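This report concerns only the one structure given below.
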Amino acid sequence: MCCFIGFSLLGCNRKVADVALPYESPETFSLPGEEVAPDRWWQTFNDPTLNILVDSALESNLPLKVFWYQFEESKAILKITSAARVPDVFLQLRSGISRPEPDFAGGENTQLGLGASYEADLWGRIRYSIAAEEYRFRASYYDYKTAAVTLTAEVALAWFRLKATNVQLQLIEGQLETNEQVLALVRNRFASGQVRGVDVLRQQQLIESTKQQRIAFELQKELLENQLSILLGQPPSEIVDAAARLPELPPLPQTGIPLQLVNRRPDVQRAFNILQAADREVAAAISNRYPRLTFSLNAALRSNDLIGLFESQAVSLGSSLLAPIFNGGRLRAQVNQAEAIRQQQLNDYGQTVLVAFQEIENALIQETKQAQQIVAIAEQVELAEKAFGQLKIEYLNGFIPYLDVLVTLNQLQQLRLDLVDARLDLLETRVSLYRALAGGFETERELLLQEEIEDL
C-alpha cells in the first residue's frame, strides 16, 4: 500500500495534490528519543560561543546570501509571470514626413494612440503557468532554508573539531612532559649501568614522535580556524580560542512518526514544490493545445501635423480566436515533455524522502554504536593506565626490560587521543542527527520580510 502526503505550506490556500510515494513509509525509527529538539538545535549544547558563531554565520556567510538573492530573483520572476493576468496597455506616438503630403483618410503622418490587449484565460493556461511559478518560488525559499540548516551544521562541526584539537594539544603537552620525565629516569639508570643505551634512544624517539603529533594538531587547529572564518564570511584569521573541553551530549531528540518528521525538512518541502510546479506545467501544456481568445482596444488621435492632432479621433475594438490546427506535433510533444519532467520530479521527490529516512536512521544507529565504542576505549585507557603503572614499578625494580614499558606507554597515550576522537565522532553524529531532523528556523532576513513570506 502506498502512502499519501499532503502539504499545506506557509499558510497557502492553494489546493495541493496528494502525492503517492512508490513505497511504504516506516512506522517508527529505531530509537524514539527523549526530548523534542528545538528548531535552533545548536543551543542544546549550552555553548554561548557556538551560539554567537552560528548567528554571525547566518548573517554574513556569502554562499547563504547567494541563496537569498536567488530567492529574490524568483520573486521577481513570479511577478513577471503574474503580469499576464492583467491587460497590456501602451501609449504610442508616431510622427513622420511624407512628400507629397497625403490627402487621403488614414494616411496621416502623426498619430497618438493608446492600445490595450488581453488574453482570456479560457482553459487555464495562464493560471497554471502562474501557479507553477508560485511553486518554484516556494522551492527557492526552501533552497535558502536548506542552505541555512547546512551552514549551522558546518559551523557546529568546525567548532567542535577545533575544541577537540585543543583537547588533543593539551594531551600532547602532558604526554611530552611525561615522556621527558621518563627519559630523565632512563638516563639515570643508564648512567648507573642498569639499562642499555638503546633504551635512551627509544625514549627520545617517542618524544620526537609526540612532537610530530603536536605539529600536526597545530596545523589542524589553524586550518579549522580558517574554515570557521570563511563560514563567518571573513578572511582567514584567528578565531576566539576554543576551550579545551568538549560539551556533554544532550538527550536524544524525539523522532516521532517518520513521515511527519521528514515532511518538516526544507529539502523535502523544496522537492515537493518542484513536483507541484511540474504538475502545473503539464496542465499548462495541455491547455496550450486549445484555442486562444484575445481582445484588443486601440484609440488614436491622428493628423498630418501636430496642430491638427486633436481634430481627428479613431477607436477600434477587436477580438481574435487562434486555434492550432497543424504544428507538426509540437504541442503534443510539449505535453509529453512536461509529463516526463513531472515523472522525473516525482521520483526525485520520492528519493529525497528516502534519503531523509536513511540519514535519520543512520545517525541513530551510529550514535548508539559510537557510544558503545567510547565505553570500550575508556575501559582500554583505564586498563592501560593500570598496566603502565605496574610495568613502571617492575622496570624500576629491574624485573622487566624497558621495551615493555615503552610499548605500554605509547599505547596509553594513543588511546587517550583516540578517546577524544571517539567523543568528537559522537558529537558529529549528533549534529548529523539534528541536521537530519531539522525543520528549519527563521533567520534575520526572513524576519524582516515576515509579512511577505507569510503570503506565500
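Bear in mind that the values in this text are calculations on the coordinates, not laboratory data. A quick note: this is a predicted structure, and the numbers were derived from the prediction, not measured. Using ideal geometry, Cβ is built from the backbone for each residue, glycine included, and neighbour counts are taken over all protein chains shown.
With runs of 4+ DSSP H residues as the only contributors, calculate the mean residue ellipticity of the chain at 222 nm using -39,500 (n - 2.57) per run, divided by the residue total and rounded to the nearest 500. Working shown, then result.
Numbers: 10 runs with 276 residues, N = 456.
Using -39500 (n - 2.57) per qualifying helix, the result is -21500 deg cm²/dmol.
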field: Net charge dipole size for the chain [Lys, Arg +1 and Asp, Glu -1 on Cβ; Debye, nearest 20]
entry: 960 debye
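Taking all pairs of distinct Cα atoms, average 1/r, flip it, and tell me the Kirkwood hydrodynamic radius of segment 150-241 in Å to one decimal place. Show your work: numbers first, answer last.
On the way: mean 1/r = 0.0651 Å⁻¹.
One over the average 1/r among Cα pairs gives 15.4 Å for segment 150-241.
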Segment 215-227 - phi-based ³J(HN,Hα) in whole Hz, Karplus 6.51/-1.76/1.60, Gly and Pro as x: 4, 5, 5, 5, 5, 4, 4, 5, 5, 5, 5, 5, 4
task: Step through the residues of segment 40-53 one at a time and calculate ³J(HN,Hα) from phi using the Karplus curve (6.51 cos²θ - 1.76 cosθ + 1.60, θ = phi - 60°), rounding each to whole Hz and writing x for Gly and Pro.
output: 8, 4, 5, 6, 5, 7, 6, 10, x, 5, 4, 4, 5, 4
query: How far is helix 125-191 tilted off the main Cα axis of the chain, in degrees rounded to 10, range 0 to 90?
result: 10 degrees
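So for segment 202-302, averaging the separation of alpha carbon pairs under 8 Å that are six or more residues apart and normalising by length, what relative contact order in percent results?
On the way: 21 pairs, mean separation 9.8, N = 101.
It comes to 10 percent, rounded to a whole number.
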- prompt: By how many degrees, 0 to 90 and rounded to 10, does the Cα axis of helix 62-82 deviate from the longest principal axis of the chain?
  reply: 20 degrees
field: Amide hydrogen neighbours beyond the local backbone of residue 122, cut-off 5 Å, H modeled
entry: 293
task: Could you point to the residue in 87, 231, 147 farthest towards the positive end of the chain's charge dipole, with +1 and -1 charges on the Cβ of Lys/Arg and Asp/Glu respectively?
output: 87
Karplus 3J(HN,Hα) series, Hz, for segment 434-446 with 6.51 cos²θ - 1.76 cosθ + 1.60 (x for Gly, Pro): 4, 5, 5, 8, 4, x, x, 8, 8, 8, 4, 5, 5
- line: Interchain or sequence-distant (5+) residues whose placed amide H lies within less than 5 Å of the amide H of residue 25 are 3
task: Kindly give Rg over Rh for the chain, based on alpha-carbon atoms, with the Kirkwood expression for the hydrodynamic radius.
output: 1.25
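Relative contact order (percent) for the chain, with alpha-carbon contacts under 8 angstrom and 6 or more residues of separation?
On the way: 601 pairs, mean separation 112.9, N = 456.
Relative CO of the chain lands at 25 percent.
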- prompt: Projected onto the charge dipole of segment 207-305 (+1 at Lys/Arg Cβ, -1 at Asp/Glu Cβ, origin at the Cα centre), which of 250, 296, 284 gives the Cα projection farthest towards the positive end?
  reply: 296
Cα-only Debye scattering, segment 344-445: base-10 log of I(q)/I(0) at q = 0.25 Å⁻¹: -1.16
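Starting with the highest mean, order 142-154, 56-68 by the number of other Cβ atoms within 10 Å, averaged over the residues of each peptide.
Working: 142-154: 21.5, 56-68: 16.7.
Output ranking for 142-154, 56-68: 142-154, 56-68.
With +1 on each Lys and Arg Cβ and -1 on each Asp and Glu Cβ, and nothing else charged, work out how big the dipole of segment 337-415 is about its Cα centre, in Debye to the nearest 20.
Values: 4 positive and 10 negative charges, 28 e Å.
Here the size comes out at about 140 debye.
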query: By how many degrees, between 0 and 90 and to the nearest 10, does the Cα long axis of helix 330-396 differ from the longest principal axis of the chain?
result: 10 degrees
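Applying a 10 Å radius around every beta-carbon, put 25-35, 131-141 in order of their mean neighbour count, most first.
Values: 25-35: 13.3, 131-141: 22.4.
Going by the mean number of other Cβ atoms within 10 Å, highest first, we get 131-141, 25-35.
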